[in-house]
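Here the structure comes first, spelled out in C-alpha cells, and everything after it is commentary.
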Amino acid sequence: IHPYALDRDYKKSKLSTFSFTVPLMLEFSSRPFFFSAGVYGDMVVGTHTKYKKPKHKDKSSHNVGMFHAGLSARIGFKGVYVFGNYGLTPLFKKDKGPETNPFSFGVGFGF
C-alpha cells in the first residue's frame, strides 16, 4: 500500500474491521470494585473501506493482518467498567502499510 491523495470530492474515508476476540483475563475484586488485566487474541474475518461524498464502499482486504494479539485492562464498579486495549502486533502486514498498532478504550456493562 502506498499513500496517495484522494480527490477533493471525498470528504472522509474510514477503514473498518470485523474480528473475533478471545480474552484471557485475571481479575482482582473487592466488592463492589474490580480490576482485570490480561491478554487477548483477535482473528480478523472482514475489512472494508468507506468513502463519503461521493459514497463508495470497497470490500478488499487492504493488507490487514489476520491475527493480532495485545494487552487489555478493565476497572469497574458493580456492572459498569472502563476498558483499554493495546495491540502488540501491527495492524497491517509487514511492508504493506504504515507501521501502526491498534488501540481502543471505552465503557462496558457486565452481568
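Within 10 Å of each candidate Cβ there may be at most 13 other Cβ atoms; applying that plus a DSSP loop requirement, which trypsin sites (Lys or Arg not before Pro) in the range 29-84 survive?
Lys55, Lys59, Lys78
How large is the dipole of the chain about the Cα centre if only Lys and Arg carry +1 and Asp and Glu carry -1, each at its Cβ, rounded to the nearest 20 debye?
It works out to roughly 560 debye.
Would you please give the FRET efficiency between Phe103 and Lys78, computed as 1/(1 + (r/R0)^6) with r the Cβ-Cβ distance and R0 = 22 Å, to the nearest 0.05?
In this case the efficiency is close to 0.25.
Quick check for the chain: number of Lys pairs with alpha-carbon distance under 18 Å, counting only pairs 8 or more apart or on different chains?
Value for the chain: 21.
Looking at the chain as a GNM with Cα springs under 10 Å, which of Val64, Val39, Val82 has the largest mean-square fluctuation?
Val82
With θ set to phi - 60° and the Karplus curve 6.51 cos²θ - 1.76 cosθ + 1.60, what are the ³J(HN,Hα) couplings of the range 41-52 in order, to the nearest whole Hz, using x for Gly and Pro?
With coefficients 6.51, -1.76 and 1.60, one gets x, 10, 10, 7, 10, x, 9, 7, 10, 10, 10, 10 Hz.
Give, in nm to one decimal, the length gained when the segment between Phe111 and Phe18 is fully stretched (0.36 nm per residue of separation minus the Cα-Cα distance).
31.1 nm
Tell me the Kirkwood radius of the chain: reciprocal of the mean inverse pair distance over distinct alpha-carbon atoms, in Å.
For the chain, the Kirkwood estimate is 16.2 Å.
Only the coordinates and a few stated rules stand behind these numbers; no lab work does. All values derive from a computational prediction rather than experimental measurement. All Cβ positions, even for glycine, are placed from backbone atoms using ideal geometry, and neighbour counts span all protein chains on display.
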